[in-house]
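Working notes for the structure below.
The values are calculated or read from the model by the stated rules, or taken from the named source; none is laboratory data. Because the structure is a prediction, the values reported are computed rather than measured. Cβ atoms come from the backbone with ideal geometry, glycine included; neighbour counts cover every protein chain shown. Accessible surface is based on the protein model in full, side chains and every heavy atom, while ligands, DNA and RNA are left aside. Shrake-Rupley method; radii C 1.70, N 1.55, O 1.52, S 1.80 Å.
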Amino acid sequence: MTIIQGIVLGIVQGITEFLPVSSSGHLAAMQKLLALNDVPLLFDIVLHLATLAAVILYFRKTIASLFVVLWRWIMRKEVTGKAGVDAGDVLSGNDERGRRTIIAVFVTTLITGAIGVFTSKLIPALSLKVTAAGFLATAGLLVLSALLEKRRTNAETATAAFDAHGTRKAHEGISLVQAAVIGLMQGLGTLPGISRSGSTIAGALFGGLDRAAAGEYSFIVSIPAILGAFVLEVKDLDKVGTALGIVPVIAGSAAAFVSGYIALSFLMKIIKRGRLEWFAFYLIPLGIAGLIFF
């Protein structure tokens, strides 16, 4: 692998990891276009680690708040009064919501991991046509979640589910049912062509979370998922440098981090505006082209 190829793959990973268009599917297609037929799976995971660093940087305040909540929970310390309370923050606005989020992350990760063990055995045998079909499935999820979310928002508006300032009233954290639904959807996102972010955000919207919380939770819950995948493949870490060269790997990781942070910033704005279905206009022709030409 050349340095330029590493950078190209890194940029593709960084952009598509966060935009709901499937990073695994785009990486597979790009590797084929670049005639890179023997790229170790761990290289993809290393690029995922680079984008994971972008997630941690972008959501550093929420992540830090959750660690503080976890520490107080372990030490049996409670916050009294209004200290640390953010009425609009579903994930970590107070200790109760923070604890619910921490439990939800464990539940979501457990379910995703169980599904991932099964799908990991299927992925090597799947063709690029299956990846193309996954693009179409992701498009369907995005459109369906957008329609359901808008319908629910209209219903909540009619039933005074918003406060005096026009902001949706915050729920008391993520429920176990919501965490399970998101875990199932994130597990579905382990298949090539099906976007992890797209399916997870869709699952959060299906479960009743508002757009901002759905987007934020989707990326926070990706942290243990990516770290788990890395741990499973880390035994082959030396093979990546040997097979591809250490410089292209470093260059690709840097490109994935920078492009990933930019893409994440862009996507969060799109999510808050409720325009996720826009990406279906890209995925549908891409999926159809893949079914025809691959």
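Compared with the alpha-carbon gap, the fully stretched path from ALA155 to SER265 is longer by 36.7 nm at 0.36 nm per residue.
Peptides 184-195, 220-231 ordered by packing proxy, namely the average of other Cβ atoms within 10 Å per residue, highest first: 184-195, 220-231. Compared with the direct C-alpha span, the chain from ALA212 to ALA64 gains 51.5 nm at full extension, assuming 0.36 nm per residue. Protein-only accessible surface at a 1.4 angstrom probe places the residues LEU264, LEU286 in the order LEU286, LEU264, largest first. Suppose R0 equals 30 Å; then what is the FRET efficiency for ILE250 and PHE293 from their Cβ-Cβ distance, rounded to the nearest 0.05? After rounding to 0.05, the efficiency reads 0.35.
Taking all protein chains as they are arranged and a probe of 1.4 Å, the heavy atoms of VAL68 leave approximately 70 Å² accessible to solvent. The figure for ARG211 is an accessible area of roughly 70 square angstrom, using a 1.4 Å probe on the protein chains alone. These residues, PHE206, PHE18, go from largest to smallest accessible area, 1.4 Å probe, as PHE206, PHE18.
Give me the accessible area per residue for region 178-232, probe 1.4 Å, as a whole number in Å². Walk me through the numbers on the way to the answer.
On the way: 1340 Å² over 55 residues.
Dividing the accessible area of region 178-232 by its residue count gives 24 Å².
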